[in-house]
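Colleague: Structure provided below as structure tokens; questions to follow.
The values are calculated or read from the model by the stated rules, or taken from the named source; none is laboratory data. This structure is a prediction, so every number in the text was calculated from the model and none was measured. Virtual Cβ from ideal backbone geometry, glycine too; neighbours counted across all protein chains shown.
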Amino acid sequence: MRKVLSIFLLVLAAAGLAACGAEATPTPNAGGAMVDNTPVAGADTGGNTLAAIKQRGKLIVGVKYDIPTFGFLNPATNKVEGFDVEMGKAVANKIFGNPDAIEFKEAISKNRIPYLNDGVVDIVFSTMTANEERSKQIDFTDAYYVAGQSLLVPKDSAITDVKSVGSKTVGTVSGSTSEKNIRSAAPDAKVELFNTYAEAVQAMQSGRVDAVTTDDIILFGFVKQNPDKFKVVGGQFTTEPYAGGVKQGNTDLLNAADEAIREMKSSGKWADAYKQWVSSDNVPPVPPQDWRDVGK
Ligand code: GLU
């Protein structure tokens with residue numbers, strides 16, 4: 001019996017590998033690992049509702065895998081970690097009383113909204129700015145962080161702020177607000193698009209781009225990884241309120257997520273997460289509930 005079982009497992013593993021190799025256009029991602037974009041069972045028949053999630057026994061959360069402070073697949077532990085990961089765990093804890101009743105999937109900027117609408121993930125915490133345009137496609141939770149766009153440059157760069165970018169080449173990510181914002185803030189710059197911020201930073205190291213632009217908190221993570229090589233310059237030139245995303249009309253899940261976020265904010269767990277992943281020096285007031293009120 002045991003032998004039959006192990007042969008069965010071997011066949012399964014081989015089939016998995018074959019499927020992996022056969023994937024024509026695997027979603028590019030940070031670690032080069034395969035991305036699992038299979039919709040959860042019954043996704044088209046309400047598989048992402050709170051009731052279906054409870055029945056399944058775990059929450060499926062889309063996070064980044066390449067952002068050291070917010071969503072990062074740590075090669076030393078093989079686990080994802082960061083502020084966005086804490087938000088996902090808080091929602092799993094709200095639903096199941098267990099922060100580990102959770103499965104993470106890599107959701108890069110350009111696929112996080114399709115992942116919600118195709119039922120690949122239940123909820124996304126992926127350094128995502130809430131804005132009017134996106135709110136026509138998905139529903140947003142309460143705001144849980146406020147970032148602002150900035151610039152990452154090599155230590156010896158002459159770029160000091162967005163005005164001094166001129167006609168230089170700037171790397172950023174497809175499907176991000178950063179792409180749109182840099183085109184209006186530095187209209188003469190050449191913009192090169194990547195799938196992940198880690199790839200954009202690699203391109204800067206090889207001299208293909210002169211700077212990388214996105215939210216400051218993302219860029220600080222890359223400085224933390226490489227303090228001798230990079231610096232963040234120019235301060236914030238936009239305001240980016242982060243919120244979680246769910247499929248439109250998935251109200252029970254949205255309410256559970258909002259409750260989890262409110263409890264994090266009122267219990268001090270939000271401040272703890274901030275100290276752990278952002279900065280222990282200066283914890284700001286918690287963001288307003290409604291992302292539309294950020295910066296008002
Ligand atoms: N927060 C911005 C956005 O949602 C930039 C960071 C990102 O691409 O995730 O587009």
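Colleague: Go through the residues of the range 282-293 one by one and say whether even a single one is within 19 Å of Phe83 (Cβ to Cβ), part of a helix (DSSP H, G or I) and modelled with pLDDT of 95 or more.
Modeller: There is at least one residue in the range 282-293 that is within 19 Å of Phe83 (Cβ to Cβ), part of a helix (DSSP H, G or I) and modelled with pLDDT of 95 or more.
Colleague: Suppose we keep only residues that are assigned to a helix (DSSP H, G or I) and crowded, with 17+ Cβ neighbours inside 10 Å within the range 204-222. Which one would you say is farthest from the ligand (Cβ to nearest atom)? I'd like the intermediate steps shown before the answer.
Modeller: Let us first name the residues in the range 204-222 that are assigned to a helix (DSSP H, G or I), namely 204-205, 216-222.
Checking the rest, the ones that are also crowded, with 17+ Cβ neighbours inside 10 Å come to 204, 216-222.
On the way: Met204: 16, Asp216: 10, Ile217: 9, Ile218: 6, Leu219: 10, Phe220: 13, Gly221: 12, Phe222: 13 Å.
Restricting to residues being assigned to a helix (DSSP H, G or I) and crowded, with 17+ Cβ neighbours inside 10 Å, the top hit is Met204.
Colleague: Can you say whether Gly234 is of a type in the set (Gly, Ala, Ser), within 18 Å of the chain's Cα centre (by Cα) and buried (at least 17 other Cβ atoms within 10 Å of the Cβ), as far as the supplied structure shows?
Modeller: Details: of a type in the set (Gly, Ala, Ser): yes; within 18 Å of the chain's Cα centre (by Cα): no; buried (at least 17 other Cβ atoms within 10 Å of the Cβ): yes.
Criteria not met by Gly234.
Colleague: Let me ask something additional. Going through the range 187-198 one residue at a time, which ones are within 16 Å of the ligand (Cβ to nearest atom) and either under 14 Å from the mean Cα position of the chain (by Cα) or crowded, with 19+ Cβ neighbours inside 10 Å (or both)?
Modeller: Phe194, Asn195, Thr196, Tyr197, Ala198
Colleague: Name the pairs: first residue in the range 282-295 and in contact (Cβ under 8 Å) with a residue 12 or more places away in the chain, second residue surrounded by fewer than 15 Cβ atoms within 10 Å (Cβ to Cβ) and polar (S, T, N, Q), Cβ to Cβ under 8 Å, at least 6 apart or on different chains?
Modeller: Once the first residue is in contact (Cβ under 8 Å) with a residue 12 or more places away in the chain and sits in the range 282-295, its partners that are surrounded by fewer than 15 Cβ atoms within 10 Å (Cβ to Cβ) and polar (S, T, N, Q) give Val294/Thr239; Gly295/Thr239.
Colleague: Let me ask you something else. Conditions first: (1) modelled with pLDDT of 95 or more; (2) outside any helix (DSSP H, G or I); (3) in contact with a strand residue (DSSP E or B) (Cβ under 9 Å, 6 or more places away or on another chain); (4) more than 21 Å from Lys275 (Cβ to Cβ). Ile95 passes all but one, so which condition is the exception?
Modeller: That leaves (2) as the condition not met.
Colleague: If we scan the range 97-115, do we find a residue that is touching a Lys or Arg at 6+ places or on another chain (Cβ under 6 Å), more than 30 Å from Ser266 (Cα to Cα) and touching a residue at least 60 places away in the same chain (Cβ under 8 Å)?
Modeller: no
Colleague: Also: Within 15 Å of the ligand (Cβ to nearest atom) and buried (at least 23 other Cβ atoms within 10 Å of the Cβ): which single residue out of Leu151, Leu59 fits that description?
Modeller: None of the other options fit; the residue is Leu151.
Colleague: Considering only residues that are more than 19 Å from the chain's Cα centre (by Cα) and assigned to a loop (DSSP other than H, G, I, E, B), look in the range 249-280 and name the one that is farthest from Glu132 (Cα to Cα).
Modeller: Only one residue tops the list, namely Ser280.
Colleague: Could you please let me know if Asn181 is surrounded by fewer than 22 Cβ atoms within 10 Å (Cβ to Cβ) and within 11 Å of the ligand (Cβ to nearest atom)?
Modeller: So Asn181 fits the description; yes.
Colleague: If you don't mind, there's one more thing I want to ask. Of all residues being touching an Asp or Glu at 6+ places or on another chain (Cβ under 7 Å) and among the hydroxyl-bearing types (Ser, Thr, Tyr) in the range 73-131, which is farthest from the ligand (Cβ to nearest atom)? Just the residue, please.
Modeller: The extreme case among them is Ser126.
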